[in-house]
Amino acid sequence: MPKTILVVDDDPDIIDMLKLYLDAEGYQTLEAFDGKAALAHLRSKHVDLALFDIMMPFIDGFQLLRMMRQDYKIPVILISAKNQELDKITGLKLGADDYVSKPFSPLEVMARIQAQLRRSYEFNESSEAAPASETCIGDLQLDHRECTLYIKGTPISLSAIEYKLLKLFMGEPGRVFTRKQIFEYAWDEHYLADDNAVMVQISRLRDKIEACPRKPVYIKTIRGLGYRFAKKEELHS
């Protein structure tokens, strides 16, 4: 069954161009020219991946992302003329899985869509196939069957990347993982030395699991090396 891609942009030419390439790759395309129309599609139709601009009428891309992440875990790729690092980091922190700056290569966008759909499929497949098991450290309970985190019994929504990172860390508490090891495990891509994606995702995780993200208890930064997760005995010392 072909995957359905939601494309949201207030520029009809960009939507037409992306639809042309998506059709050629065998995807089904849903179109929207603003955030309100995008939400209507999400609430009434099955969507496998969303691709949208930041600067849009009614509801901008950042607002749309916040609203989406309350109910939907599908991959999201932001496309925007805003190419400043702060905008990219903001988008990733809000829950975007990838970010492409305008002007862009349609072929690159297709490759990124394929990569995100592959990761999403692998994430969901592992969720269905995994035996009923969990990992508990401190107040954190990571359910591998549901791919869900619980903090003192309260469910916490995780993206596929966030789940994989917690699975890696909580599976070997106390072990120091380098940024390269973390990136290549979670993203399944070759690591680029100047890529800040790991730092952004660690920051997002800390916002979710730490009582005080500026003074983390669970995810420790090991300066010059990488990150490590606290052992059970460290949390009770």
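The values are calculated or read from the model by the stated rules, or taken from the named source; none is laboratory data. Since this is a predicted model, take the numbers as computed values, not measurements. Don't worry about glycine lacking a Cβ; one is built from the backbone with ideal geometry, like all the others, and counts go over all protein chains shown. Ligands, DNA and RNA are excluded from the accessible area calculation, which covers all protein heavy atoms including side chains. Shrake-Rupley method; radii C 1.70, N 1.55, O 1.52, S 1.80 Å.
The table below gives the values:
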item	result
Highest-MSF residue in the chain out of 74, 222, 89 [GNM, Cα springs under 10 Å]	222
Segment 4-124: relative contact order in percent, alpha carbon pairs under 8 Å with at least 6 residues between	23
The chain - percent relative contact order, Cα under 8 Å, separation 6 or more	12
Percentage, to the nearest whole number, of Cα pairs in the chain over 29 Å apart	31
Taking only Cα atoms of segment 4-124, radius of gyration then Dmax in Å	12.9, 35
Rounded to 5, percent antiparallel among DSSP beta bridges of the chain	55
Unit charges at the beta carbon, dipole of the chain: most positive-side option, 100, 168, 64	168
Highest average packing first - 62-72, 3-13, Cβ atoms within 10 Å	3-13, 62-72
Between helix 85-94 and the chain: long-axis angle, C-alpha atoms, 0 to 90°, nearest 10	70
Approximate spin-label separation residue 145-residue 28, in nm, with each point projected 7 Å along Cα-to-Cβ	3.1
Cα gyration tensor shape of segment 134-234, rounded if a/c is under 1.5, else prolate or oblate by comparing a/b with b/c	prolate
Relative contact order (%) - segment 23-77, alpha-carbon pairs under 8 angstrom, separation at least six	37
Cα long-axis angle, helix 35-44 against the chain (0 to 90 degrees, to the nearest 10)	80
Nearby lysines by direct alpha-carbon distance to residue 3 (threshold 18 angstrom, same-chain neighbours under 8 apart not counted)	19, 45, 73
Helix-only [θ]222 nm of the chain, DSSP H runs n ≥ 4, -39500 (n - 2.57) each, per residue, nearest 500	-13500 deg cm²/dmol
Only Lys, Arg (+1) and Asp, Glu (-1) charged, at Cβ; the chain dipole about Cα centre in debye	1140
Size of charge dipole - segment 4-124 - debye, nearest 20, with Cβ of Lys, Arg +1 and Asp, Glu -1, no other charges	520
Accessible area (Å², 1.4 Å probe, nearest 10) - residue 145	120
